Amino acid sequence: MVTILDNRQHVSTSVVDEYWNDHTVTALPFKTADESARYLSWLYAEYPLSGELLGIWGSRDQQIVLDYGCGPGNGVVGFSLFTRAAKIIGMDISLKALRLTQSRLGLHSIDENRVSLIWISDSNATIPLENESVDFINCQGVLHHTSDPQAILKEFYRIGKPGSTCTIMVYNAESLYLHLYTAYEKMIVENAFPGLDLLEAFRKNTDGENCPISRCYAPSEFLEICRGAGFDAVYEGGYFSRSELRALNRHRENCLSDERFADEHKDFMKNLTFDLRGYPQYKGKYAGIGGVYKLRRP
Ligand SMILES: C[S@@+](CC[C@H](N)C(=O)[O-])C[C@H]1O[C@@H](n2cnc3c(N)ncnc32)[C@H](O)[C@@H]1O
C-alpha cells in the first residue's frame, strides 16, 4: 500500500482544510479496478470537451508528475495507468481524499515505488518538493478553492524544471455556468440564493453550499496571475458541465426577454457564437466553467 506522508508540520488547520476533509468529490471507495477505471471514462464524458482541452493524458515519458489537489485520485490513477511517467506525486489537504486515492491505487495494483501521496495544508503554500524537481504539474479544480493561489503558483514555478509544463483548470467567469446557470436559472428562476450577490451565489452553486472559497476568473485575470508567477501561459478555453449546457437549452431564448435578467448577462448571451458541434464560444473560446490554462516555465 502507498504510504501517505503527513507534511502539515503542525500548522493550524483552516476552514478550507476542514471543509475538504469532510467533502470529497466522490465519497465512496470503488470496489474494483474496473469500477474505478469506468468512473474515469464517465468523468471525462460528463464534462464535454474536457479531454480535448486538457490534453489528458499525454505520454509523460519518464517524467516526474505532480497532481496538486489530487482529490480521490482521478489524476493519480490516470497518470499511473495511461502514461509512462517515472513518478506520480499526489498532494492534497484532505486525508479522506488521499485515503480514497490510496485504496484506488491498490485496486489497480500500481507499483508503490512509482507513487507518493502527501498530506498538506491550505495554511501553508510551501510545497514539500525540491527546487526544479518536477516535469509536469496537473492541477484540476483546485486553485479557485485555495486561500493563496498566487503563492501556490510561485511554488509551481520553484519546483518546476526549466522547460517544464503545467495544465491548470480554474473556474471560468466567462462561462454559461456564471452568466446563465447561476445568474438566471438559480438566482432568478429558482430564487435559490435570496439576498446574495452573484459571486457569493456562484460559490454556493459549485462544490457544495458550505464550500468556504470558490472563485471564478476571467481568462485575462488568471493569465496575469500565472505570468506574475513567472510562467508563459495560454488560455485554451472552458470545458462544459452538463448543468450549464442544460441551462442553455432551457433558457437561451427566454432569458433575453426577461426584464429581471441584468444587461451584463444578456450581453454575454448575445455575444455567444456556436461551433459546428453546437458548443458555445465567447470571444473565440469555449464558454464552459472549466477554464483550462497551459503554462510553461521558461
Ligand atoms: C473539486 S476537488 C478536485 C480534485 C481533483 N483535482 C479532481 O480533478 O478530481 C478540489 C480538491 O482540492 C483540494 N484542495 C483545496 N485546497 C487545497 C490546497 N490549498 N492545496 C491542495 N489541495 C487543495 C481539496 O481537498 C479537493 O480534493
Please go through segment 1-32 and give me each residue that is over 30 Å from E46 (Cα atoms) and without any contact (Cβ under 8 Å) to a residue 12 or more places away in the chain, ordered by number. H10
Scan segment 112-120 and give yes if some residue there is among the β-branched types (V, I, T), assigned to a loop (DSSP other than H, G, I, E, B) and surrounded by fewer than 18 Cβ atoms within 10 Å (Cβ to Cβ), otherwise no. no
Identify, from the list R60, R84, the residue that is touching a Lys or Arg at 6+ places or on another chain (Cβ under 7 Å), closer than 26 Å to A125 by Cβ and at pLDDT 95 or above. R60
Across segment 128-149, the tally of residues that are more than 8 Å from the ligand (Cβ to nearest atom), surrounded by fewer than 23 Cβ atoms within 10 Å (Cβ to Cβ) and of a type in the set (V, I, T) stands at 0
Out of R215, R246, R203, R250, which single residue is among the basic types (K, R), surrounded by 13 or more Cβ atoms within 10 Å (Cβ to Cβ), within 19 Å of the chain's Cα centre (by Cα) and assigned to a helix (DSSP H, G or I)? R203
Just the residues that are in a strand (DSSP E or B) and under 16 Å from the mean Cα position of the chain (by Cα), please, taken from segment 40-66. L66
Members of segment 218-243 that are surrounded by fewer than 16 Cβ atoms within 10 Å (Cβ to Cβ), of a type in the set (D, E) and within 19 Å of the chain's Cα centre (by Cα): E221, E224
Identity of the residue in segment 23-35, of a type in the set (A, V, I, L, M, F, W, C) and more than 11 Å from the ligand (Cβ to nearest atom), that ends up nearest to F136 (Cα to Cα): A33
Close pairs from segment 205-232: first touching a residue at least 24 places away in the same chain (Cβ under 8 Å) and over 19 Å from G288 (Cβ atoms), partner of a type in the set (A, V, I, L, M) and surrounded by 18 or more Cβ atoms within 10 Å (Cβ to Cβ), Cβ under 6 Å, at least 6 apart: P212/V16; C226/A233; C226/L295; A229/L153; F231/L295
Can you tell me which residues in segment 36-64 are over 30 Å from P280 (Cβ atoms), more than 13 Å from the ligand (Cβ to nearest atom) and either in contact (Cβ under 8 Å) with a residue 40 or more places away in the chain or buried (at least 18 other Cβ atoms within 10 Å of the Cβ) (or both)? A37, R60, Q63, I64
With respect to M169, is the statement that it is surrounded by 20 or more Cβ atoms within 10 Å (Cβ to Cβ) and free of Cβ contacts under 8 Å to residues at least 60 places away in the same chain true? no
Please find, within segment 150-174, the residue that is nearest to the ligand (Cβ to nearest atom) out of those that are in contact with a Cys (Cβ under 7 Å, 6 or more places away or on another chain) and either among the β-branched types (V, I, T) or part of a loop (DSSP other than H, G, I, E, B) (or both). I168
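The values are calculated or read from the model by the stated rules, or taken from the named source; none is laboratory data. All figures in this text were calculated on a predicted structure; none of them were measured in a lab. Heads up, the Cβs are rebuilt from the backbone with ideal geometry, glycines too, and the neighbour counts pull from every protein chain shown.
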